[in-house]
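Novice: My questions all concern the structure below.
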């Protein structure tokens with residue numbers, strides 16, 4: 001039986017999932033020879049542009065290994081009747097866990113402490129300054145989708161007061177609603193950014209929101225880099241307008257602005273929110289399930305819904 005030809009612009013992980021993709025499909029890596037493929041596997045940060053779609057006249061499915069679709073030209077896909085699938089839910093816990101880890105690292109000076117010990121400063125009698133408690137803070141979640149709600153569950157489980165901002169209030173939510181980012185920042189000391197990327201949320205956390213968060217505030221971004229104004233954040237960190245930040249995402253990955261690299265009160269990680277063996281295997285399985293359903297003419301398990 002001839003294996004269907006697909007184009008893969010992103011690798012599935014762990015390695016055994018990548019092998020399964022190769023076993024089930026004839027996988028092409030170069031778009032130049034893929035004019036006849038019906039399906040493309042991509043990632044949230046890789047996406048698929050209108051220009052790339054134009055080179056794929058037979059394309060019917062874009063299977064995103066992740067939940068981010070801001071790099072996919074959704075308008076062009078819709079115009080051509082191309083279905084987009086994502087891998088929701090299975091990565092929510094991993095990303096929420098990462099957000100909590102960044103908050104703890106920023107508040108309790110985990111990274112600074114590591115550097116302090118490795119540099120020998122502790123052995124020479126040096127003293128590391130006091131950190132700040134995270135669990136005794138009011139938390140605000142900007143973006144109350146699957147990841148935001150999973151994070152809220154974790155925070156509430158540790159006894160924290162949680163409020164949120166979303167496009168609309170959820171009547172059944174156990175957390176307090178705030179109508180916009182500014183009012184949310186005024187009422188919290190830990191601001192977690194889990195909102196979707198795109199034009200609507202670009203620069204949503206800017207200088208005014210950071211000022212409202214205050215000098216004891218910590219901002220954590222595990223969503224998309226552009227949701228937080230990088231220049232405003234760097235200045236807030238430099239001036240002491242906020243106490244610290246934890247960032248897993250950036251505007252132009254892997255390039256990180258030098259002022260953020262220079263900020264000692266900013267914890268940086270290389271977009272690894274979903275990078276656990278468990279989450280990545282579950283994500284890859286959903287990609288495989290969507291591909292199998294497409295080629296079998298069956299309903300797709302997780303089509304993207306705006």
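Laboratory data are not the source of any read-out in this text; all were calculated from the coordinates shown. This one's a predicted model, so the numbers in the text were calculated from it and none came from an experiment. Cβ sites come from the backbone with ideal geometry, for glycine too, and all protein chains shown count toward neighbours.
Novice: Quote the relative contact order of the stretch 207-306 in percent (integer), defining contacts as alpha-carbon pairs under 8 Å separated by 6+ residues.
Specialist: Once divided by the residue count of the stretch 207-306, the mean separation gives 22 percent.
Novice: For semi-axes √(5λ) of the Cα gyration tensor in Å, several values are listed as (i) 38, 21, 18; (ii) 31, 22, 21; (iii) 28, 24, 18; flag the one computed from this structure.
Specialist: (i)
Novice: Report the extension gain between residue 130 and residue 298 in nm, rounded to one decimal, defined as 0.36 nm multiplied by the number of residues separating them, less their alpha carbon distance.
Specialist: Between residue 130 and residue 298, full extension yields 54.7 nm more.
Novice: Suppose R0 equals 35 Å. What FRET efficiency, 1/(1 + (r/R0)^6) with r the Cβ-Cβ distance, do residue 29 and residue 186 give to the nearest 0.05?
Specialist: Taking R0 as 35 Å, the efficiency between residue 29 and residue 186 is 0.10.
Novice: Moving to a separate point now. Normalised by the residues of the chain, what does the relative contact order come to in percent, with Cα pairs under 8 Å and at least six apart?
Specialist: Reported relative contact order: 18 percent.
Novice: Please report the relative contact order for the stretch 90-249, taking Cα pairs under 8 Å with a sequence separation of at least 6, and give it as a percent rounded to a whole number.
Specialist: Normalised by residue count, the contact order of the stretch 90-249 is 23 percent.
Novice: Fewest first, what order do 304, 25, 164 take by the number of other Cβ atoms within 10 Å?
Specialist: 304, 25, 164
Novice: Counting other beta carbons within 10 Å of each residue's own, what order do 189, 97 fall into, fewest first?
Specialist: Neighbour counts put them in this order, fewest first: 97, 189.
Novice: Now a separate question. Express in nm, to one decimal, how much length is gained between residue 50 and residue 278 on full extension, taking 0.36 nm for each residue of separation and deducting their alpha carbon distance.
Specialist: Between residue 50 and residue 278, full extension yields 78.8 nm more.
Novice: Of the candidates 286, 128, 213, which one comes out as most mobile in a Gaussian network treatment of the chain with C-alpha springs shorter than 10 Å?
Specialist: Comparing 286, 128, 213 in a Gaussian network model of the chain, the most mobile one is 128.
Novice: Provide the descending list of Cα extents for the stretch 27-186 along its principal axes, expressed in whole angstroms.
Specialist: Principal-axis extents of the Cα atoms in the stretch 27-186, largest first: 66, 48, 25 Å.
Novice: Just to check, using Stokes-Einstein with a Kirkwood Rh over alpha carbon pairs, what's the diffusion coefficient of the stretch 92-268 at 4 °C and 1.567 mPa s in µm²/s?
Specialist: Estimated diffusion coefficient is 80 µm²/s.
Novice: By counting other Cβ atoms within 10 Å of each Cβ, how are 98, 158 ranked from fewest to most?
Specialist: If I rank by nearby Cβ atoms, fewest first, I get 158, 98.
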